[in-house]
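Data block below; observations after.
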Amino acid sequence: MLNTREDLIQIRSVYAKSLTAQTKKILVCAGTGCVSSGALDIFHQLTTLMKEHNIPCSVELAKEPHEDSVGMKMSGCHGFCEMGPLLRIEPQGWLYTKVLLSDCEEIINRTIIAGENIERLAYQKNDITYEKQDDIPFYKKQTRIVLEHCGHIDATSIEEYFGIGGYLAFEKALFDMTADEIIVDITESNLRGRGGGGFPAGRKWSQVKRQKEHQRYIVCNGDEGDPGAFMDRSIMEGDPHRMLEGMMIAAVACGASEGYIYVRAEYPMAVSRLKTAIEQANEYGLLGEHILGTDFSFCIHINKGAGAFVCGEGSALTASIEGKRGMPRVKPPRTVEQGLFEKPTVLNNVETFANVPIIMIKGAAWYKTIGPEKSPGTKAFALTGNIENTGLIEVPMGTTLREVIFDIGGGIRDGKEFKAVQIGGPSGGCLTTKDLDLPLDFDSLKKAGAMIGSGGLVVMDENTCMVEVARFFMNFTQNESCGKCVPCREGTKRMLAILNRIVEGQGEEGDIELLLELADTISATALCGLGKSAPFPVVSTIKNFRKEYEAHIYDKYCPTGNCRKLKKLSIDSALCKGCTKCTKVCPVGAISGKVKETFVIDEVHCIKCGACVTACPFHAIS
């Protein structure tokens, strides 16, 4: 139990020395992606093998570690999810990729005992072997601030967090600054909300602080619902104490005594590690009553959401915490005035709170040296889709789309052409080749008709049907609509029905215009951000790929061949040998012809199942 500031300073010093003394480390990525690939089995196997080889091994950071012990650590997400399971070897800085359970014995014998690098486990690209993690192009162009500790410390250990300077920012806020000075620092840094809206965090905090109501709340939005997004999850799993520290600083600044973390139940590992972190902070006296001997008291609760996308909206989120159905309400009053339990509430997302400690330590001026003036700092993105290197990245605001996709992401898979990227999830828009040199920041994307959102980047290649992409996101949004307001409830349903007709070959004259008209109405009249932004993927795909819509509607043809009902199968007479194999597998008898002569497909009866394409030994059907 830490009773005073001096106690905190001392324990930080003790564990900093312990961490420095522990030079040999194996950091096993224990993010959700690598865990699903067997990373925990690899961790336990390596630990077992070291004991069998009588190698001193430390699973937990001790105050006085054995000088020759190897630190075995379950770290947070390393980011390079495409290559998992991942192992980082220190002090060499080596990264082993796609590690198997069967590799563990060799890792012990060659790396831990002999000190050799296992080249076949290192990342290789274009005949180049990258031994060190920092030399890999995926990492080289990143600037990891929020994610700097993910993959480098034990994600489950408050002692390791102490060792890297943990809770120093909270200490500074609690003892060396006034509430107004904290808010001035955050305001001057121009930290903007990383949940998608980009609202200045300092302004929000100051609005809560000046409310007359004494009871105030700090709420962290961990309800990450965008398809393909996992930035907040990775922070909660990989560096939970940093996020807690940001919430605690906000509580000092705003005079709050209680905080809530709203995280979806589909993130069991994040929930587990947050619970562990909160318990550890309570045990050390960093949460609870009269923290470090002061008059400041603060406790944090976890509230698990049922996975409703609409609960990412502030008023719906607070309603859900209160035990009500998660539905947005009319504003004003705003959350800063009447939020959780109708009390003034600071509501920021995980990444926003995780930025706070480093701003407090290094200062607002330092933070503003990263990225553009109006959108400083970095942004974490989940890079997914038809791209070589999928994973979690962090880059300075203002980094171009081209740098993200081709330098960090390694370009499009299988040498195909880049077509588009969906940014901001179902609430975002579609960017194309003309936007590759667009800076990724709040204001630039807004001008381009898109938004950062929470940070999902879904990359699409030349074979992606953009009408189907719009239909997919509209289907998601329509399913997630809470149904409270008519524009969202009925409008998204109507737009989805039209898109369904189009991809099924039943599109009609005027459908495009009707979609745009519905989009305008919904955006202008929906109650919350979910409804207002729901039409964005449709509008942006029509704007950039109108000819694909027209091909579906007027020519009854999908240019990419993805829409099953619009596929047109044909038999190449130069390749067909009349072997009859296609006729035997056709379930509807749509193929006819004579043996050893060219067969033909009846388009009227063909159901486009593709069985004939697979069966043809001469590849005559396409």
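Here, each number is a calculation from the coordinates, and none is a lab measurement. Only a predicted model underlies this, so the values are computations on that prediction, with no experimental measurement involved. Cβ coordinates were reconstructed from backbone atoms using ideal geometry, including for glycine residues, and neighbour counts include every protein chain displayed.
For the chain, report the convex hull volume of the alpha-carbon atoms normalised per residue, in Å³, without decimals.
Details: hull volume 104.6 nm³, N = 622.
Hull volume over Cα atoms, normalised by residue count, gives 168 Å³.
Return the subset of 374/446; 368/447; 568/594; 493/543; 343/374 for which the Cα-Cα distance in this structure is over 25 Å, preserving the input order.
343/374
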Does segment 307-443 come out rounded, prolate or oblate by the C-alpha gyration tensor, with a ≥ b ≥ c the root eigenvalues, rounded set by a/c under 1.5 and, if not, prolate when a/b is larger than b/c and oblate if not? oblate
Where the centroid of each part is defined by its Cα atoms, how far is segment 366-391 from segment 401-441 in Å? 13
Determine by what factor the alpha-carbon radius of gyration of segment 466-554 differs from 2.2 N^0.38 Å, reporting the quotient. 0.99
Just subtract the alpha-carbon distance of residue 329 and residue 129 from 0.36 nm times their residue separation and send over the number in nm, one decimal. 66.5 nm
How far apart, in nm, are two points set 7 Å out from the Cα along the Cα-to-Cβ line at residue 402 and at residue 184? 4.3
Determine, from the Cβ-Cβ distance of residue 607 and residue 52 and an R0 of 60 Å, the FRET efficiency 1/(1 + (r/R0)^6), rounded to the nearest 0.05. 0.50
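Report, in debye and to the nearest 20, how large the dipole of segment 466-554 comes out about its Cα centre when Lys and Arg carry +1 and Asp and Glu carry -1 on their Cβ.
On the way: 10 positive and 12 negative charges, 76 e Å.
Charge dipole of segment 466-554: 360 debye, to the nearest 20.
Determine the dipole magnitude for the chain: charges of +1 sit on the beta-carbon of Lys and Arg, -1 on that of Asp and Glu, nothing else is charged, the reference point is the Cα centre, and the result goes in debye to the nearest 20.
Details: 70 positive and 78 negative charges, 369 e Å.
Dipole about the Cα centre, nearest 20: 1780 debye.
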For residue 547, list the lysines whose Cα falls under 16 Å from its own Cα; do not include residues on the same chain fewer than 8 positions away. 419, 556
Segment 4-42 to segment 82-106: how many Å between their Cα centroids? 17
Between segment 255-303 and segment 506-578, how many Å separate their Cα centres? 47
DSSP beta bridges in the chain, what fraction antiparallel, as a percent rounded to 5? 55
Starting with the fewest neighbours, write out 489, 192 ranked by other beta-carbon atoms found within 10 Å of each beta-carbon. 489, 192
In segment 92-175, what is the count of Lys pairs whose alpha carbons are under 18 Å apart, counting only pairs at least 8 residues apart or on separate chains? 6
Amide H to amide H, which residues 5 or more places from residue 154 or on other chains are under 5 Å from it, using H placed in the peptide plane? none
Take 264, 501 and order them by how many other Cβ atoms sit within 10 Å, fewest up front. 501, 264
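Which of the trypsin sites (Lys or Arg not before Pro) found in segment 43-90 are in a DSSP loop and have at most 10 neighbouring Cβ atoms, other than their own, within 10 Å? Can you show the working numbers first?
Numbers: sites: 51, 63, 73, 88; in loops: 63.
The qualifying sites are 63.
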Here FRET efficiency (C-beta to C-beta, residue 341 to residue 497, R₀ 35 Å, nearest 0.05) is 0.30
Over segment 255-351, what is the percentage of antiparallel beta bridges among all DSSP beta bridges, to the nearest 5? 10
Quick check on the exposure proxy: order 476, 618, 80 from fewest to most C-beta atoms within 10 angstrom. 618, 476, 80
Quick one: which residues, 5 or more positions from residue 429 or on another chain, have an amide H under 5 Å from its amide H? H modelled 1.01 Å from N in the peptide plane, none for Pro or chain starts. 423, 451
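Which whole-number percent gives the relative contact order of segment 85-188, counting Cα pairs below 8 Å spaced six or more residues apart? Mind showing how you got there, number by number?
Numbers: 68 pairs, mean separation 17.7, N = 104.
Dividing the mean separation by the residue count of segment 85-188 yields 17 percent.
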